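I have placed the structure first, in the form of structure tokens, so that the comments after it can refer back to it.
FYI, it's all coordinate maths here, none of it is from the lab. All figures in this text were calculated on a predicted structure; none of them were measured in a lab. Cβ sites come from the backbone with ideal geometry, for glycine too, and all protein chains shown count toward neighbours.
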Amino acid sequence: MTTQQLILYTCGYLIALVAVIYFTRATARRVLGAMAGGAAAGLFGVGAIALCESLGWWWVPYASTPSFLALFYLGASISLMPIYPVTWRLARRFGWRGLAVFTGIVTLIGAPRDYFIAAMFPKWMVFAPGVAPILADSATYAGIVIVGHAVMRLVAGPARADRLARLSR
């Protein structure tokens with residue numbers, strides 16, 4: 001992936017974040033929570049990439065300069081931020097079950113999505129053969145949702161305590 005492509009995709013995810021903030025009616029506290037969740041999940045994701053590269057499960061070719069690595073982390077963080085206002089709303093409406101279903105769906109869809117992208121753009125990511133890369137990719141997606149939502153909850157408080165939360169009957 002080139003620097004220009006990375007900047008372009010990061011800008012696209014920034015636009016998606018603004019749209020998600022608007023449609024979920026996120027408060028400033030939730031936006032800060034989503035940003036903190038994206039930063040933590042981005043660190044988790046970059047760590048998972050590094051770990052799985054060292055295990056030989058996949059390879060993400062990129063320039064290993066400090067500026068590109070910082071941009072890569074920033075792009076990963078921004079691309080994850082739109083997830084957390086959505087998980088907030090799901091947790092507010094459906095509780096932990098809604099969050100568990102969302103995490104399961106993301107876990108199931110994540111690896112096929114990455115394999116599809118890797119097939120279309122082999123210069124962006126290459127997977128090793130076998131089931132281990134698939135399981136690692138799926139586990140990474142689950143971890144991204146769980147870590148990011150947990151950090152968002154730490155910053156913005158529990159979803160059920162939100163002023164827009166439905167009251168139990």
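Which numbered condition trips up G45, out of (1) over 23 Å from V131 (Cβ atoms); (2) touching a residue at least 60 places away in the same chain (Cβ under 8 Å); (3) touching a helix residue (DSSP H, G or I) at 6+ places or on another chain (Cβ under 6 Å); (4) not hydrophobic (A, V, I, L, M, F, W, C)?
(1)
Scan segment 14-30 residue by residue and report those that are in a helix (DSSP H, G or I) and either buried (at least 18 other Cβ atoms within 10 Å of the Cβ) or in contact with a Pro (Cβ under 7 Å, 6 or more places away or on another chain) (or both).
A16, L17, V20, I21, T24, R30
Residue under question is P112, and the condition is that it be free of Cβ contacts under 8 Å to residues at least 60 places away in the same chain, over 30 Å from A26 (Cβ atoms) and exposed (fewer than 13 other Cβ atoms within 10 Å of the Cβ); does it hold? Steps first, please.
Numbers: free of Cβ contacts under 8 Å to residues at least 60 places away in the same chain: yes; over 30 Å from A26 (Cβ atoms): no; exposed (fewer than 13 other Cβ atoms within 10 Å of the Cβ): yes.
Judged against the criteria, P112 is not a match.
Mind checking whether some residue in segment 19-41 is touching a residue at least 24 places away in the same chain (Cβ under 8 Å), over 18 Å from A156 (Cα atoms) and not small (G, A, S)?
No: segment 19-41 contains no residue that is touching a residue at least 24 places away in the same chain (Cβ under 8 Å), over 18 Å from A156 (Cα atoms) and not small (G, A, S).
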